[in-house]
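Trainee: My questions all concern the structure below.
The values are calculated or read from the model by the stated rules, or taken from the named source; none is laboratory data. None of the values given here were measured: they were computed from a predicted structure. For neighbour counting, all protein chains shown are included, and Cβ atoms are generated from backbone atoms with ideal geometry for every residue, glycine included.
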Amino acid sequence: MTEAIIPAQFGERRFLSWNELQREKHGGRVQKVSVDAGFTCPNRDGSKGIGGCTFCNNAGFTPSYLREEREITRQIETGLDFFTRRYPGTKHFVAYFQAYSNTYAGVDQLRAVYQAALAHPKIDGLVIGTRPDCVPDDVLDYLAKLSETKIVELELGIESCDDATLKRVNRGHDFAESEDAVRRAAARGLDVAAHIMFDLPGESRESMLAGAAKLSALPLTSLKFHQLQIIKGTQLANEWRRDPASLPLLSAEAYLELLVDFLERLSPTISIQRVGSEVPPSHKLAPEWNLRLHELLPRLEALLLERNTWQGRLYAGN
Ligand code: SF4
């Protein structure tokens with residue numbers, strides 16, 4: 001058996017970095033500016049379900065500078081003001097439609113919303129977060145056309161590759177719908193990112209790791225990893241308050257070990273956008289990690305080095 005080596009395209013890292021690929025592709029940093037366009041979600045308004053996913057309280061992941069802003073251009077101005085001071089010299093800004101399901105409307109309405117963002121002279125493209133069951137072909141056709149002249153990324157909330165887990169958290173779609181959405185979008189040339197959440201209730205370590213092969217089989221451009229956090233105002237918060245032992249949560253150390261195990265099994269061609277998230281402490285009940293978000297990536301890199309491993313080391317290919 002030939003000895004596995006770290007792929008050259010990783011550069012100095014032990015995984016394929018989305019940030020660095022973006023820098024190479026676009027000649028500099030690409031910064032997302034969050035926009036809340038006022039969409040809702042089919043898993044909340046009754047068309048797919050009511051109550052939403054059991055872990056979701058959208059206030060938990062809406063940036064604070066958006067809360068008082070409703071109008072798209074003003075939201076962009078506020079975000080640009082923040083990021084140009086924080087990251088001077090940023091080359092590109094894209095509008096990040098993050099809250100709820102940002103393709104949950106007809107094409108004409110979507111076009112009006114997206115064009116309002118693209119009309120800003122500093123906005124070079126769009127990142128559109130949505131559910132896998134909310135991307136009909138006509139919407140994908142429109143986004144594919146847009147991507148001929150603008151940066152466009154579709155971000156799909158896959159969350160888990162395990163149907164029993166998706167059911168347990170009232171997700172309202174299964175993994176087959178995720179596979180179908182990724183394939184239809186990628187077939188049109190769109191960059192597709194998947195949002196994955198580790199440690200969902202009832203999901204085993206084996207099942208989470210098995211997801212690496214399932215995701216590797218899809219034409220995904222990148223992955224965003226998130227750890228389960230119990231957020232106030234969610235159904236999970238009620239379950240946790242009733243019986244915290246029913247929702248055992250990973251420690252930071254266990255999460256990082258899991259992430260390394262997952263990366264080892266993941267195709268080296270899928271880039272990594274983020275490795276965790278951080279809900280504001282005022283919104284969060286658990287877990288209590290002695291680690292801030294900005295410390296996660298260096299800790300992950302240190303663990304990959306310590307274990308002398310890298311993304312794809314155990315990837316068997318498709
Ligand atoms: S996580 Fe997304 S799909 Fe689930 S309820 Fe919240 S907004 Fe809807």
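Trainee: Could you list all residues from segment 163-196 that are surrounded by 17 or more Cβ atoms within 10 Å (Cβ to Cβ), among the acidic types (Asp, Glu) and away from the ligand (no atom under 16 Å from the Cβ)?
Mentor: The answer is 179, 191.
Trainee: Now for a different question. Tell me which of these residue 213 doesn't satisfy, since it passes every other one: (1) part of a helix (DSSP H, G or I); (2) more than 16 Å from the ligand (Cβ to nearest atom); (3) closer than 26 Å to residue 38 by Cβ; (4) in contact (Cβ under 8 Å) with a residue 60 or more places away in the chain.
Mentor: That leaves (3) as the condition not met.
Trainee: When you look at residue 81, is it of a type in the set (Asp, Glu) and either at pLDDT 95 or above or loosely packed, with under 15 Cβ neighbours inside 10 Å (or both), yes or no?
Mentor: In short, yes.
Trainee: Then there is this: The conditions are (1) within 18 Å of the chain's Cα centre (by Cα); (2) crowded, with 20+ Cβ neighbours inside 10 Å; (3) more than 22 Å from residue 129 (Cβ to Cβ), and residue 221 fails exactly one of them. Which is it?
Mentor: (3)
Trainee: Same structure again: Can you tell me which residues in segment 103-130 are among the small types (Gly, Ala, Ser), out of contact with any Leu (no Cβ under 9 Å at 6 or more places or on another chain) and touching a residue at least 24 places away in the same chain (Cβ under 8 Å)?
Mentor: Of the residues in segment 103-130, the ones among the small types (Gly, Ala, Ser) are 105-106, 112, 116-117, 119, 125, 129.
Adding the requirement that they be out of contact with any Leu (no Cβ under 9 Å at 6 or more places or on another chain) leaves 105-106, 112, 116, 119.
The answer is 105, 116, 119.
Trainee: Okay, moving on. Going by the structure shown, is residue 149 hydroxyl-bearing (Ser, Thr, Tyr) and either within 14 Å of the ligand (Cβ to nearest atom) or part of a strand (DSSP E or B) (or both)?
Mentor: Criteria not met by residue 149.
Trainee: Mind listing whichever residues of segment 235-273 are outside any helix (DSSP H, G or I), touching a residue at least 60 places away in the same chain (Cβ under 8 Å) and under 18 Å from residue 197 (Cβ atoms)?
Mentor: Quick first cut of segment 235-273, residues outside any helix (DSSP H, G or I) only: 243, 247-251, 266-273.
Subset that is touching a residue at least 60 places away in the same chain (Cβ under 8 Å): 268-273.
Passing the criteria: 270, 272, 273.
Trainee: Within segment 274-290, restricting attention to residues that are among the small types (Gly, Ala, Ser) and in a loop (DSSP other than H, G, I, E, B), which residue is surrounded by the most Cβ atoms within 10 Å (Cβ to Cβ)?
Mentor: By that ranking, first place goes to 276.
Trainee: Identify all residues within segment 31-49 that are under 20 Å from the mean Cα position of the chain (by Cα), within 11 Å of the ligand (Cβ to nearest atom) and charged (D, E, K, R); write none if there are none.
Mentor: Hit for segment 31-49 is 44, nothing else.
Trainee: Here is a further query. Regarding residue 157, is this residue within 16 Å of the ligand (Cβ to nearest atom) and touching a His at 6+ places or on another chain (Cβ under 7 Å)? Please lay out each step first, then the result.
Mentor: Working: within 16 Å of the ligand (Cβ to nearest atom): yes; touching a His at 6+ places or on another chain (Cβ under 7 Å): yes.
The answer is yes for residue 157.
Trainee: For segment 143-150, indicate whether the set of residues that are out of contact with any strand residue (DSSP E or B) (no Cβ under 7 Å at 6 or more places or on another chain) and surrounded by 15 or more Cβ atoms within 10 Å (Cβ to Cβ) is non-empty.
Mentor: For segment 143-150, residues out of contact with any strand residue (DSSP E or B) (no Cβ under 7 Å at 6 or more places or on another chain) and surrounded by 15 or more Cβ atoms within 10 Å (Cβ to Cβ): present.
Trainee: Also: Restricting segment 119-140 to residues that are part of a helix (DSSP H, G or I) and under 22 Å from the mean Cα position of the chain (by Cα), which is surrounded by the fewest Cβ atoms within 10 Å (Cβ to Cβ)?
Mentor: Here is the first cut: in segment 119-140, the ones part of a helix (DSSP H, G or I) are 132-134, 137-140.
Narrowing further to those that are under 22 Å from the mean Cα position of the chain (by Cα): 132-134, 137, 139-140.
Details: 132: 24, 133: 20, 134: 24, 137: 10, 139: 21, 140: 19.
Residue satisfying both the conditions and the ranking: 137.
Trainee: Now for a separate question. With 110, 143, 126 as the choices, which residue is in contact with a helix residue (DSSP H, G or I) (Cβ under 7 Å, 6 or more places away or on another chain), modelled with pLDDT of 95 or more and more than 14 Å from the ligand (Cβ to nearest atom)?
Mentor: 126
Trainee: Out of (1) out of contact with any Cys (no Cβ under 9 Å at 6 or more places or on another chain); (2) crowded, with 20+ Cβ neighbours inside 10 Å, the odd one out for residue 251 is which?
Mentor: The one condition residue 251 does not meet is (2).
Trainee: Consider residue 308 carefully, then state whether it is more than 25 Å from residue 168 (Cβ to Cβ), exposed (fewer than 15 other Cβ atoms within 10 Å of the Cβ) and either of a type outside the set (Val, Ile, Thr) or under 20 Å from the mean Cα position of the chain (by Cα) (or both).
Mentor: Answer is yes for this residue.
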